[in-house]
Amino acid sequence: MFRRTLPVFPMMLALSLTACGDELNPERVPPQSVWVTSRVGTHSELRTLSYDLFPGGYLGFVREGTPSLGACATFAPGGSLGVDGDSRACMVLDLDNAVLGTGPKKFKVAGQSSYTVAGSSATFTPGAGHSPEIKNAYASIFCAASDRADAVQDVSGRVVLEENSDTRLSGYVVATSIGKTVGCTFGDKTEVNIRFDIAR
């Protein structure tokens, strides 16, 4: 398994990720990485891949202009990009249209996402304490293969928008998805600890 040395972030960030009750342990899921665990082989051996290349985020717009925030990183076998086996793992969060440009925000994610291949879409059922500004949340893996399957995930964590202006969206996502990932490489658990800084 290929692993890349991760950048060291200030102690304040490490403390912020552990002091607020998040379920991720920064020693196990370091900042700027996505960890995907799956069961493989005839004996269902647990395998964990660390996605830690090109960490960051994107902001897209789906379904009548709904903003979609992705916190992502890339895995490349042997450390070489552009060869078979490259993939990108993301936590995708659809936001309320009114969120963008309204200043710093903190959101809790708690609920269940259900993805159907037939509709090529995911629906979200919020749980206790979930912030209504987060309309959908699910883990997805993007790669060259096109195989997809229906997926149900229990998602929890938080989204912090440190800057949320008309020109920039920056902050971090700390979240866990338990259940099959949406996409071509099926994980059973996805853990995301990613900072993003997006020019708008």
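Which one of these is more than 15 Å from Lys189 (Cα to Cα) and either in contact with a Lys or Arg (Cβ under 9 Å, 6 or more places away or on another chain) or of a type in the set (Ser, Thr, Tyr) (or both): Leu69, Leu81, Leu93?
Only one candidate passes the filter, namely Leu93.
I'd like to know if region 2-17 contains one or more residues that are modelled with pLDDT of 85 or more and aliphatic (A, V, I, L, M).
no
Are there strands (runs of 3 or more DSSP E) fully within region 30-84 with at least 3 residues that are aliphatic (A, V, I, L, M) and under 15 Å from Ile141 (Cβ atoms)? List them.
33-40
Output the residues belonging to region 28-44 that are open to solvent by 80 Å² or more (accessible area, probe 1.4 Å) and at pLDDT below 80.
Scanning region 28-44 gives Arg39, Thr42, His43.
Of all the residues that make up region 45-65, how many are open to solvent by 60 Å² or more (accessible area, probe 1.4 Å) and at positive phi?
Total meeting the criteria: 3.
What residue, of Val159, Val155, Val174, Val182, is open to solvent by less than 30 Å² (accessible area, probe 1.4 Å), of a type in the set (Val, Ile, Thr) and touching a helix residue (DSSP H, G or I) at 6+ places or on another chain (Cβ under 9 Å)?
After ruling out the rest, the residue left standing is Val174.
Scan region 115-142 residue by residue and report those that are part of a strand (DSSP E or B), open to solvent by 40 Å² or more (accessible area, probe 1.4 Å) and polar (S, T, N, Q).
Result: Thr116, Ser121, Thr123, Thr125.
For Thr125, state whether it is over 13 Å from Val182 (Cβ atoms) and either of a type in the set (Asp, Glu) or in contact (Cβ under 8 Å) with a residue 60 or more places away in the chain (or both).
No, not satisfied.
Could you please find all residues in region 110-139 being more than 23 Å from Leu59 (Cβ to Cβ) and under 18 Å from the mean Cα position of the chain (by Cα)?
Correct list: Gln112, Ser114, Thr125.
Among the residues of region 87-107, write down those that are crowded, with 17+ Cβ neighbours inside 10 Å and in contact with a Ser or Thr (Cβ under 8 Å, 6 or more places away or on another chain).
Result: Ser87, Arg88, Ala89, Cys90, Met91, Val92, Leu93, Asp94, Leu95, Phe107.
Can you pull out every residue in region 156-180 that is assigned to a strand (DSSP E or B) and under 19 Å from Val117 (Cα atoms)?
Selection gives Ser177, Ile178, Gly179.
I'm trying to understand the selection: among the residues of region 140-192, which are at pLDDT below 90, more than 16 Å from the chain's Cα centre (by Cα) and not small (Gly, Ala, Ser)?
The answer is Asp147, Arg148, Asp150.
The values are calculated or read from the model by the stated rules, or taken from the named source; none is laboratory data. All of these numbers come straight from a predicted model, not from anything done at the bench. For neighbour counting, all protein chains shown are included, and Cβ atoms are generated from backbone atoms with ideal geometry for every residue, glycine included. Surface areas here come from the heavy atoms of the whole protein model, side chains and all, with no ligands, DNA or RNA. Shrake-Rupley method; radii C 1.70, N 1.55, O 1.52, S 1.80 Å.
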